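Undergrad: Pasting a structure below so you can have a look.
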Amino acid sequence: MTIPNDVEQLISGMADALGARLREQHIDKPIMIGVHSGGVWVAERLHRLLALDEPLGTLDISFYRDDFTRIGMNPQVKPSNLPLSIDDRHIVLVDDVLYTGRTIRAALNEIFDYGRPAAVMLAVLVDRGGRELPVQADITGKRIALRPDQHIKLAGPDGLALSISAAPEK
């Protein structure tokens, strides 16, 4: 089932809110980092809309997942790329869907392996609830309440679209 909304419009609203938050906190050169894959797609658009000067960073958290031993190796592991030192820098971490908080925990672990940022702000396209860890987004495009047996997925990178499906049977 496709969700009736315009993802680009959600991202535009996120850019407005994020820009306001950055100005309010006097952060003029943040480093934006997207989590592969959907978070990178959202981050690319936010980065462009905000006209950020610093290059966009990307993370693949496959090796940092706490379920790595259960799910095995992801055959589409992509390299992480943080083009600048993150020490004492303000980071905007971007992901497509916030659910349990475990992906964000893994992303933070990887970021801290690269250095010690001044602060990390979290921006997510969709917050679907169901947290297992104390993680909260600073900027959210949309909040959607889903049943535990449902999943939400961002398709892209061209023509971004959100869809909801039932979880596959185990």
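Undergrad: Can you tell which of Leu160, Leu125 is crowded, with 18+ Cβ neighbours inside 10 Å, at pLDDT below 95 and not charged (D, E, K, R)?
TA: Values: Leu125 fails: at pLDDT below 95.
Within the list Leu160, Leu125, the selection yields Leu160.
Undergrad: Give the residues of region 120-147 that are among the acidic types (Asp, Glu) and in a strand (DSSP E or B), sorted by residue number.
TA: Result: Asp127, single match.
Undergrad: Now for a different question. Picking from Gly129, Gly159, Gly115, Gly101, which residue would you name as being without any contact (Cβ under 8 Å) to a residue 12 or more places away in the chain, of a type in the set (Gly, Ala, Ser) and on the phi > 0 side of the Ramachandran plot?
TA: Sole residue among the options that is without any contact (Cβ under 8 Å) to a residue 12 or more places away in the chain, of a type in the set (Gly, Ala, Ser) and on the phi > 0 side of the Ramachandran plot: Gly159.
Undergrad: Among (1) loosely packed, with under 13 Cβ neighbours inside 10 Å; (2) modelled with pLDDT of 90 or more, there is one condition Val77 misses while meeting the rest; what is its number?
TA: (2)
Undergrad: Conditions first: (1) within 19 Å of Glu54 (Cβ to Cβ); (2) at pLDDT 95 or above; (3) surrounded by fewer than 19 Cβ atoms within 10 Å (Cβ to Cβ); (4) not acidic (Asp, Glu). Leu93 passes all but one, so which condition is the exception?
TA: (3)
Undergrad: Moving on. Among the residues of region 128-143, is there at least one that is touching a helix residue (DSSP H, G or I) at 6+ places or on another chain (Cβ under 6 Å) and loosely packed, with under 15 Cβ neighbours inside 10 Å?
TA: Yes, some residue in region 128-143 is touching a helix residue (DSSP H, G or I) at 6+ places or on another chain (Cβ under 6 Å) and loosely packed, with under 15 Cβ neighbours inside 10 Å.
Undergrad: Just one of Leu18, Leu50, Leu59, Leu22 is touching a helix residue (DSSP H, G or I) at 6+ places or on another chain (Cβ under 6 Å), over 24 Å from Glu132 (Cβ atoms) and at pLDDT 95 or above; which is it?
TA: Numbers: Leu18 fails: touching a helix residue (DSSP H, G or I) at 6+ places or on another chain (Cβ under 6 Å); Leu59 fails: over 24 Å from Glu132 (Cβ atoms); Leu22 fails: touching a helix residue (DSSP H, G or I) at 6+ places or on another chain (Cβ under 6 Å).
Every option except Leu50 fails the conditions.
Undergrad: Of the residues that make up region 100-119, is at least one part of a strand (DSSP E or B), modelled with pLDDT of 95 or more and either out of contact with any His (no Cβ under 6 Å at 6 or more places or on another chain) or among the β-branched types (Val, Ile, Thr) (or both)?
TA: Among the residues of region 100-119, not one is part of a strand (DSSP E or B), modelled with pLDDT of 95 or more and either out of contact with any His (no Cβ under 6 Å at 6 or more places or on another chain) or among the β-branched types (Val, Ile, Thr) (or both), which makes the answer no.
The values are calculated or read from the model by the stated rules, or taken from the named source; none is laboratory data. Owing to the predicted nature of the structure, the values given are computational and were not obtained by experimental measurement. As a convention, Cβ positions derive from the backbone with ideal geometry for all residues, glycine included, and neighbour counts pool all protein chains shown.
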